[in-house]
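Before any comments, here is the structure.
The values are calculated or read from the model by the stated rules, or taken from the named source; none is laboratory data. Values in this document were obtained by computation on a predicted structure and should not be read as measured data. No Cβ is skipped: glycine too gets one built from the backbone with ideal geometry, and neighbour counts run over all protein chains shown. Heavy atoms of the whole protein, side chains included, go into the accessibility calculation; ligands, DNA and RNA do not. Shrake-Rupley method; radii C 1.70, N 1.55, O 1.52, S 1.80 Å.
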Amino acid sequence: MATFEQAIKTLEFDKVLQQLAAAAQTDGAREKALRITPQTALHRIEKLLRQTTDARALMEIKGPPSFGAVVDITPMLDRAEKGASLSPAELLKVANVLRISRLLLDYIHTDKKLDTSIDEIFERLTANRFLEEKITRAIITEDLIADEASAALADIRRKIRNANSRIKENLQKYTTGQTFSKYLQENIVTMRGGRYVVPVKAEYRNEIKGLVHDTSASGATIFVEPLSVVEANNELRFLESQEAKEIEKILAELSAAVAETADALSLNYRNITEIAFVFAKAELSFRMNAAQPKLNDKGIVDLKHARHPLLDPKSVVPIDIRLGDDFDTLIITGPNTGGKTVSLKTIGLFALMAQSGLHIPVSGLSTICVFDKVFADIGDEQSIEQSLSTFSSHMVNIVSILQEITKNSLVLFDELGAGTDPIEGAALATAILEHTRSIGARCAATTHYAELKAFALDTDGICNACCEFDVNTLRPTYRLIIGTPGKSNAFAISSKLGLPDEIVERANALVSSDNKRFENVIEQLEINRMEMERSAKKTEQMRREYEEMKRGAEEQIRRDRAAAEKELEKARAQAANILASAKASSEYIFSQIEDLQKKKESRRLAEELEDARRRIRINLKESDAFIDPIIKQEVSDYTLPRPLKVGDRVILINLDMQGTVTAIADKDGMVAVQAGVIKTKVRESELMLVDGKTVSVQENSKKPKMASQKSVRAAVIREFRAELDLRGEYSDDAWFKTDKYLDDAAIAGIKSVTLIHGKGTGALRKVLWEKLKKDSRVKSFRAGAYGEGDYGVTVVDLK
């Protein structure tokens, strides 16, 4: 029976869900991804798609959030609520859920630039740092409880250490002293049954008084607990039992604290799983280069540049598919292996993906309808067990489909009517399509029957489409062409595959004249269409080139006008400055003359006259500097490679001109230079030696155009991950990668990152820590906590 669930498998939607699960970061999100089912409510689907779009936008701005290997803690919470004590490992998993909840809240609130549809999921999280730190302070690893977990535990362990010390000191006389060491097999202290013993040679068993706890396999060694340490060992065993009881008490108290907040913790886990699932959909969108389609409930499908997500993205050919606007049924024809079935599956698969809240691999202008059900009869469903032939199996599926379809359904038929007498098969296919249309469902079908091509040409609301076939290379192009029927090209393909020409020619002769004329018309239409398409492409290319040239010319004209306006404004301002300066200079000169007139009888006339001339020259020089200022140029990090000599070609930095040295520096450091008709003296620091490599200041100022900070930051954020794996790297290579990684983190605005170096011998961790101590970008760093990787990772907080 062909059901909606069977269509999901036929269209390989389950394989897309496997890709989605692979993009998820937590076990819960992976399980949720594999259980996803298409929705049918338009508003619900729009919300799911918005969530995927918003998560993708957040990833572009901030990068993906970290989910820290969160596991399902629901069974642990149930046991805690029933009064059971959780193990250290289970309590650490609970603390990890609290830590990730806190980090996710920080993620959504830090540098918040937009409100999103997933904010409400984040806001349902609750941080409980008190309980989180209470657990992590008390439990170091799954097998180690911290001394600070309770004052009683710290006291007991202090006593245990003291007892151990006393016992070892007591036993030292047996391993180091001359009296007893000769009786020992080895001068060591070991343990048997939790008690300290020494290995005694069997022949000296009576020389050391004590309790025998074990014997070696050979019988040559017995393990004796000397009587002098029996009481101390008893005390140690008692303290160890006290330690175990105190640890049980600590775990019980922590478990009770967990039970008190079980509801909030359970809600946190469910929301973390939901957030991880949404970001898995966004990650899949990135991997597929997908986009959110526009939804409608009018039966319209319009996919632009659709790419089947299960085909190799490097070789898949994008196709455009329309259905439901000016026609409700699409009949796809063309050669075998030409892409008919892929086109059919693309329509159905994209409907299922969109209705599950997934982006689809299309351009952003695509539209798809929300269908109540999708049915597909695709592939060879021959069943030996049920004694069904290919035709019978297809017909069983079709009967089931026709019983379940509604006016809001999508129906896909592959090779409709195939597997039986061609005339009867074509008639059945026509009747089935008519019945499907009468119900109002949207339908797409593939076929080789010429009768169905003619049916589509003669019937309103049905449209032909073909998978393009290049008659020159005799190869399919896999492009879908709407509006044109296609040829099966069986003769051409058979000939290319090696079938003798005489057989092909005989087969061609056996084709009826009516069919031959029909196929020839289709072939000629296809040739004309391809020629027109090539012409249209050429025309479109010329139009784009013209538009580009037009935009370039208009932009150049705009820039030239702006430059001209700027120069004109500059000239106006300079003219105004000239007038103002001339007026000020003339007024000053007249005032000086008037003063001289008054002082002409003075004995100091000559001195007054010379002083007036000096003041006028200074005033005129200041006015000239105001009218035509010299902009001082500087070239950083340049020194003359050698002392200058007469005849050297140099560049006058301030004037950006070349000249020749006519006299070396005088006692004031001034060099005489002639640049054209200009003779001047300048300081050596204002000269550059022309040595075949040096260029002018103006030329040096022309720097290559760099990518904008905004585009660089966006690219870094997109690719940035909060973890850097350095395992297997040499120390120098590891720090080289870490140095660049910390720069990328600063560009992306990330404040905390994780370096994965593994545990091993600890040599790589030691090198990294030494470097991080001296790095000005680092605020602090620490070894990973439980759930983060322990001493196999280093968590770095940046300034």
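For the reader, a short list of remarks on this structure follows.
- Legend: Rg and Dmax of the range 715-799, from Cα coordinates, 11.9, 36 Å.
- Packing here is the average count of other Cβ atoms within 10 Å per residue, and on that basis the peptides 570-578, 369-377, highest first, run 369-377, 570-578.
- Those trypsin sites (Lys or Arg not before Pro) in the range 1-48 that DSSP places in a loop and that have at most 11 other beta carbons within 10 Å: Arg35
- Spin-label model distance (nm) - Glu554 vs Lys537, 7 Å beyond Cα toward Cβ: 2.9 nm
- Distance histogram in 10 Å bins (all Cα pairs of the range 70-165, percent per bin): 14, 33, 27, 17, 6, 2, 0
- Cα-based convex hull volume of the range 300-365 per residue, rounded to whole Å³: 93 Å³
- Between Arg437 and Ala580, the simple label model (points 7 Å from Cα in the Cβ direction) yields a spacing of 8.4 nm.
- Expressed as a whole percent, the accessible area of the range 277-425 that falls on carbon and sulfur atoms is 50 (1.4 Å probe).
- Overall dimensions of the range 263-387 by Cα: Rg and Dmax, Å: 17.8, 61
- Shape category assigned to the range 1-116 from the gyration tensor of Cα positions, a/c cut at 1.5: oblate
- Per-pair calculated FRET efficiency, R0 = 35 Å: Gln18 and Phe391 via Cβ, rounded to 0.05: 0.60
- For the Cα trace of the range 184-240, dividing Rg by the Kirkwood Rh returns an Rg/Rh value of 0.98.
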